[in-house]
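S.K.: So that we are looking at the same thing, I have put the structure below in structure tokens.
The values are calculated or read from the model by the stated rules, or taken from the named source; none is laboratory data. Note that the structure is predicted; figures quoted are calculated from it, not measured. Cβ coordinates were reconstructed from backbone atoms using ideal geometry, including for glycine residues, and neighbour counts include every protein chain displayed. Each accessible area value is taken on the protein alone, full model and side chains, heavy atoms only, with ligands, DNA and RNA left out. Shrake-Rupley method; radii C 1.70, N 1.55, O 1.52, S 1.80 Å.
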Amino acid sequence: MKSYTVEVNGLKTHYLEAGDADGYPMVMLHSGEYGGCAEGSWKVAIPPLVEAGFHVYAPDWLGFGQSDKVVDFANPKGRRMEHMAGFIRSLDLDPDPVLVGNSMGGTYLLQELGKRTPAFRAAAAIVASGGGFVPNNQARRDIQDYNMTKERMREILGVVLHDPRWVEDEEFITWRHELSLVPGAWECAASARLVPPGTSRGGGEFGKEDTTRYEEIECPTLLVAGAQDPLRVPGYADEIAERIPTARVRTYDECGHMPNIEYPDLFVADVIEFCRDMIPEGRSLLTESTSQG
């Protein structure tokens with residue numbers, strides 16, 4: 001796995017890349033919590049996906065990780081999606097890549113693919129804890145304030161990860177804390193939590209009606225949910241799947257908001273199996289690469 005930067009629309013964009021040149025292209029979109037970045041969401045998942053025959057690209061969203069710290073306050077999501085579409089075009093991916101999104105990355109992915117004219121297409125979409133109504137509940141409020149201390153990071157991760165062993169892992173907590181200290185990262189992540197004066201439902205993207213046009217999503221879609229996810233309404237993934245013609249759902253028990261982190265082996269196995277089943281042009285490539293690995 002190597003680290004690169006590319007200029008997209010005049011802005012530095014950092015991404016991780018791994019895999020053989022002839023591997024099936026996969027773009028992985030990370031989550032939006034404090035310290036969120038490609039490494040934080042996908043560090044463990046990338047190596048086995050490469051072994052399975054994928055060529056993986058994992059960019060840092062605009063405002064996150066090592067990408068430029070820019071936020072468009074008039075249209076933050078729109079600017080990020082425009083930037084991500086530019087990143088995908090800059091890679092000249094053909095055929096359409098598999099797109100994988102975690103939390104914010106998954107929600108943005110479904111919203112874009114649901115447009116009548118999306119900015120990019122996908123051979124398949126895999127979404128971990130994304131989509132659906134995003135409640136502005138107590139769990140959400142518990143992770144919104146971050147004073148950049150290690151102990152506060154521990155508390156935030158204790159909300160999004162179900163198994164308490166994660167908050168007892170000092171190496172993991174230290175790593176995630178360090179990811180959150182990149183200059184400008186706090187400001188960009190905090191921008192989604194701002195509450196304009198006079199509002200009653202909170203600011204940013206939380207507590208608002210889900211207007212995603214799920215019926216318009218044409219590509220095969222796998223929804224992976226945690227049964228104990230405190231940041232989503234129970235059963236949300238099944239409700240979404242009923243509206244996507246080619247959707248499947250996998251719900252992990254004893255799992256919170258980050259199935260890709262809590263159950264990386266299971267998550268990767270589900271991704272590989274789904275892609276082999278649903279992408280005809282990639283079946284022989286993925287099977288052959290796995291048998292050689």
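S.K.: With the requirement that a residue be farther than 30 Å from W186 by Cβ and open to solvent by less than 10 Å² (accessible area, probe 1.4 Å), what does the stretch 50-64 give you?
M.R.: Keep residues of the stretch 50-64 that are farther than 30 Å from W186 by Cβ, which gives 50-55.
A52, G53, F54 - these are the residues of the stretch 50-64 that are farther than 30 Å from W186 by Cβ and open to solvent by less than 10 Å² (accessible area, probe 1.4 Å).
S.K.: (1) closer than 20 Å to G226 by Cα; (2) in a loop (DSSP other than H, G, I, E, B); (3) free of Cβ contacts under 8 Å to residues at least 24 places away in the same chain: which one isn't true of R141, the others all being true?
M.R.: (2)
S.K.: Would you call V44 touching a residue at least 24 places away in the same chain (Cβ under 8 Å), more than 20 Å from C188 (Cα to Cα), touching a Gly at 6+ places or on another chain (Cβ under 8 Å) and not hydroxyl-bearing (S, T, Y)? Outline the logic, then answer.
M.R.: Details: touching a residue at least 24 places away in the same chain (Cβ under 8 Å): yes; more than 20 Å from C188 (Cα to Cα): yes; touching a Gly at 6+ places or on another chain (Cβ under 8 Å): no; not hydroxyl-bearing (S, T, Y): yes.
So V44 fails the test.
S.K.: Please enumerate the residues belonging to the stretch 34-79 that are of a type in the set (S, T, Y) and not in a loop (DSSP other than H, G, I, E, B).
M.R.: First, the residues of the stretch 34-79 that are of a type in the set (S, T, Y): 34, 41, 57, 67.
Listed by number, the residues that qualify are S41, Y57.
S.K.: Next up: How many of the residues in the stretch 20-47 are in contact with a strand residue (DSSP E or B) (Cβ under 8 Å, 6 or more places away or on another chain), open to solvent by less than 30 Å² (accessible area, probe 1.4 Å) and not aliphatic (A, V, I, L, M)? Even if it seems obvious, please write down each step before you answer.
M.R.: From the stretch 20-47, those in contact with a strand residue (DSSP E or B) (Cβ under 8 Å, 6 or more places away or on another chain) are 20-31, 38-39, 41-42, 45-47; that's our starting set.
Subsequent filtering for residues that are open to solvent by less than 30 Å² (accessible area, probe 1.4 Å) retains 23-31, 38, 41-42, 45-46.
This time we only want the ones that are not aliphatic (A, V, I, L, M), so: 23-25, 30-31, 41-42.
Total satisfying the criteria: 7.
S.K.: Is it the case, given these coordinates, that I261 is part of a helix (DSSP H, G or I) and in contact with a Gly (Cβ under 6 Å, 6 or more places away or on another chain)?
M.R.: The answer is no for I261.
S.K.: Hey, another quick one. When you look at F87, is it surrounded by fewer than 19 Cβ atoms within 10 Å (Cβ to Cβ), among the hydrophobic types (A, V, I, L, M, F, W, C) and not in a strand (DSSP E or B), yes or no?
M.R.: On the way: surrounded by fewer than 19 Cβ atoms within 10 Å (Cβ to Cβ): no; among the hydrophobic types (A, V, I, L, M, F, W, C): yes; not in a strand (DSSP E or B): yes.
It is false that F87 is surrounded by fewer than 19 Cβ atoms within 10 Å (Cβ to Cβ), among the hydrophobic types (A, V, I, L, M, F, W, C) and not in a strand (DSSP E or B).
S.K.: If the Cβ limit is 9 Å and pairs must be 6+ apart or interchain, which residue in the stretch 227-239 that is in contact (Cβ under 8 Å) with a residue 40 or more places away in the chain pairs with which residue that is basic (K, R) and open to solvent by 40 Å² or more (accessible area, probe 1.4 Å)?
M.R.: Between residues of the stretch 227-239 that are in contact (Cβ under 8 Å) with a residue 40 or more places away in the chain and residues that are basic (K, R) and open to solvent by 40 Å² or more (accessible area, probe 1.4 Å), the close pairs are A237/R250.
S.K.: Now for a separate question. Quick one: which of G131, G101, G114, G106 is open to solvent by less than 40 Å² (accessible area, probe 1.4 Å) and farther than 23 Å from E33 by Cα? Walk me through how you get there before you give the answer.
M.R.: Numbers: G131 fails: farther than 23 Å from E33 by Cα; G101 fails: farther than 23 Å from E33 by Cα; G106 fails: farther than 23 Å from E33 by Cα.
Criteria check complete, one pass: G114.
S.K.: To continue, here is another question. Confirm whether S67 is touching a Ser or Thr at 6+ places or on another chain (Cβ under 7 Å) and either surrounded by fewer than 24 Cβ atoms within 10 Å (Cβ to Cβ) or within 22 Å of V182 (Cα to Cα) (or both). Full working, then the answer.
M.R.: On the way: touching a Ser or Thr at 6+ places or on another chain (Cβ under 7 Å): yes; either surrounded by fewer than 24 Cβ atoms within 10 Å (Cβ to Cβ) or within 22 Å of V182 (Cα to Cα) (or both): yes.
Considered against the rule, which asks whether it is touching a Ser or Thr at 6+ places or on another chain (Cβ under 7 Å) and either surrounded by fewer than 24 Cβ atoms within 10 Å (Cβ to Cβ) or within 22 Å of V182 (Cα to Cα) (or both), S67 comes out as yes.
S.K.: Output the residue which, of all residues in the stretch 220-258 that are of a type outside the set (S, T, Y), assigned to a strand (DSSP E or B) and over 28 Å from G158 (Cα atoms), is most open to solvent (accessible area, probe 1.4 Å). Let's see the steps before the verdict.
M.R.: Start the filter on the stretch 220-258 by keeping residues that are of a type outside the set (S, T, Y), which leaves 220, 222-235, 237-245, 247-250, 253-258.
Checking the rest, the ones that are also assigned to a strand (DSSP E or B) come to 222-226, 247-250.
Still in the running and over 28 Å from G158 (Cα atoms): 247-248.
Numbers: A247: 29, R248: 98 Å².
Top of the filtered list is R248.
S.K.: Let me ask something else about it. From E17, E39, grab the single residue that is in contact with a Gly (Cβ under 9 Å, 6 or more places away or on another chain) and modelled with pLDDT of 95 or more.
M.R.: Details: E17 fails: in contact with a Gly (Cβ under 9 Å, 6 or more places away or on another chain).
Only one candidate qualifies: E39.
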